[in-house]
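Since the structure comes first, as structure tokens, the remarks are kept for the end.
The values are calculated or read from the model by the stated rules, or taken from the named source; none is laboratory data. Computed from a prediction, not measured in an experiment: that's the story for all the values here. No Cβ is skipped: glycine too gets one built from the backbone with ideal geometry, and neighbour counts run over all protein chains shown. To get the accessible areas, we keep the full protein, side chains included, count just its heavy atoms, and leave off ligands, DNA and RNA. Shrake-Rupley method; radii C 1.70, N 1.55, O 1.52, S 1.80 Å.
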Amino acid sequence: MTEQTPVGLEPPPVDPAGTFAQPTLAGLVDATTEAGLELKARSQWSYARQRFLRHRLAMGGLVCLVILFGAGIFANYIAPYSFEEIDLTHVLVAPTTFQHHFFGTDEIGRDFFSRVIYGIRTSEEVGVFVALVSSMIGLVVGAVAGYYGGWIDNIVMRITDLVLTLPVLAVLLTAAALLGEGNQWRVSLILALFFWTPLARIVRGIFLSLREKEYVEAAKASGAGDLRIMFRHMLPNTLGPVIVNGTLAVATAILVEAALSFLGFGIKPPTPSLGVLIASGQNNPQKWWLTVFPGLTIVAIVLCINFIGDGLRDALDPQQRRVRA
């Protein structure tokens, strides 16, 4: 009986001179494929995507958030009534399927389900706008402070510390009352100018460690400019914390906007807002649906965003994953 040599492990061929011939790259690839050992190169983003897809809470939160935000985006098509349509024949009607008043009506007969959907659109716009603007400001400030260091770092971070020491609620109430004027985008800009500081500190710390890496020194030696090094070579390594922080900033912005609107210093009627709806429900405390439905909607949105942020943090930074049985 002759001993069979496993596929892919045959000895290299012998040339006419009696020496072993050097295997070529194509031959090695063919042998690996025949042995069933073909490997596919995967990037870190593909591994992060797989980890995120395996996170059940994050996927459930993503599906629910898409449904809620989708309802807000397409409110014109989903809402059975306009948010300003008045029906004095059905005032303070409890939740019912009669005439599609699923969440009841308010004190002047407006369909509350339609107003909640339009309120989701407003909260969605505020949260996304604040997250994008604050992330851009914090990213630029933190990158400049961490890359250059020295006196630039000292000045920028002292300004950041000054903003962090301000009493946020008192300053927001004053700024929203004096500058916001109940306008949705003015209130959003005021919030964005206070939300950039945590991300700036995170990005600064990452850039302080990255600027000592070999690839940064090699880029400097090759003549690359500071902006190219910062945003072409170093920025991709900070996208994980930036994405997670930006996701959670959406939830925080929605909560703060709702609190300001509830206190009467944020968005004001006729612009529909979940905080405004909750505040208007205080005029009729016995009509529970005027407070419960917009409040539960805010809770659902914030929970979904937090679940997604948890999944993104686990996916982008596996070292911080919770230990699971």
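Please compute the Kirkwood hydrodynamic radius over segment 156-312, one decimal place, Å, based on all pairs of different Cα atoms. Spell out each step's value before the answer.
Numbers: mean 1/r = 0.0549 Å⁻¹.
Roughly 18.2 Å, rounded to one decimal.
Mind checking the full-extension length gain between residue 140 and residue 227? Use 0.36 nm per residue of separation minus the Cα-Cα distance, one decimal, nm. Don't skip to the end; give the middle numbers.
Values: separation 87, 0.36 × 87 = 31.32 nm, distance 1.08 nm.
Extra length available between residue 140 and residue 227 comes to 30.2 nm.
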State log₁₀ I(q)/I(0) for segment 98-174 at q = 0.11, 0.17, 0.24, 0.26 Å⁻¹ as given by the Debye formula over alpha-carbon point scatterers of equal weight, solvent excluded. -0.55, -0.83, -1.08, -1.12
Can you work out the FRET efficiency for the pair residue 45 and residue 67, with r the C-beta to C-beta distance and R0 = 41 Å, to the nearest 0.05? 0.95
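May I ask you to rank 304, 64 by accessible area, largest first, using a 1.4 Å probe over the protein chains only?
On the way: 304 15, 64 65 Å².
The most accessible residue leads, giving 64, 304.
As an exercise, use a Förster radius of 45 Å and the Cβ-Cβ distance of residue 90 and residue 59 to find the FRET efficiency, rounded to the nearest 0.05. Numbers along the way, then the final one.
On the way: r = 40 Å, r/R0 = 0.88.
Calculated transfer efficiency: 0.70.
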How far apart, in nanometres, would the label points at residue 78 and residue 99 be if each is projected 7 angstrom from Cα along the Cα-to-Cβ direction? 2.3
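Pairs of Cα atoms under 8 Å, at least six residues apart: use those to get the relative contact order of segment 87-129, whole percent.
Values: 50 pairs, mean separation 12.6, N = 43.
It rounds to 29 percent for segment 87-129.
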Over segment 79-156, calculate the relative contact order: mean separation of alpha carbon pairs under 8 Å at least 6 apart, over the residue count, as a percent. 22
